[in-house]
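Q: Submitted below is the structure of interest, expressed as structure tokens.
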Ligand code: GDP
Ligand code: MG
């Protein structure tokens, strides 16, 4: 599909909340039945006259430590294959998490192939937005971090401006 945005990251960072905001009332959820893609949701929206599709991924990592990387690799690869722009989401409230690093290790392999934006969510206040600096250590994106609140919408307009510039 053309103009596809994928939201990737560990569970609980706010991916589905952003998804719901991006797709507004146009939400059309289709659950894929295959094992790997079971928890992916697809929706549609538009911004400044540009139409896009959004993929919400689950971020769930099942099994023991030694299969983490394999599971994450599959999820990230699917998202990267399907998307034109990838949003890698982290949570400023929780801070840097071991699973963020696991996802980032895999995401970094795709840098330069597709635009990847580092999105620090739950920046509901300016003070929280400042805490996003610690995520620079992940080495994702072109050095910018988009600080947003999927809950109250702050920062999401700037993020969408950047995303739809590719469409
Ligand atoms: P997902 O597992 O990554 O899809 O995360 P969810 O969208 O399900 O959100 C996980 C939790 O974080 C929920 O309780 C949300 O209400 C909460 N949440 C999501 N976005 C924000 C935000 O911008 N600010 C705050 N304070 N909470 C948020
Ligand atoms: Mg979710």
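Since every read-out is calculated from the coordinates, none of them should be taken as a lab result. Bear in mind that the values here come from a model prediction, so they are computed numbers and not experimental data. Cβ coordinates were reconstructed from backbone atoms using ideal geometry, including for glycine residues, and neighbour counts include every protein chain displayed.
Q: Among the DSSP beta bridges whose two residues both lie in the chain, what percent are antiparallel, rounded to the nearest 5?
A: 30
Q: Pairs of Cα atoms under 8 Å, at least six residues apart: use those to get the relative contact order of the range 75-167, whole percent. Before the final figure, lay out each step's value.
A: Values: 123 pairs, mean separation 26.5, N = 93.
Across the range 75-167, relative contact order equals 29 percent.
Q: Please give the calculated 222 nm ellipticity per residue for the chain, where each DSSP H segment of at least 4 residues contributes -39500 (n - 2.57) and the sum is spread over every residue; nearest 500 deg cm²/dmol?
A: -9000 deg cm²/dmol
Q: In units of 2.2 N^0.38 Å, what is the alpha-carbon radius of gyration of the chain? Write down the numbers at each step before the final one.
A: Values: Rg = 14.7 Å, N = 167, 2.2 N^0.38 = 15.4 Å.
Rounded to two decimals, the normalised Rg is 0.96.
Q: Another question, if that's okay. Just to verify a number: FRET efficiency for residue 2 and residue 77, C-beta to C-beta distance, R0 = 22 Å, to 0.05? Numbers along the way, then the final one.
A: Details: r = 20 Å, r/R0 = 0.91.
Taking R0 as 22 Å, the efficiency between residue 2 and residue 77 is 0.65.
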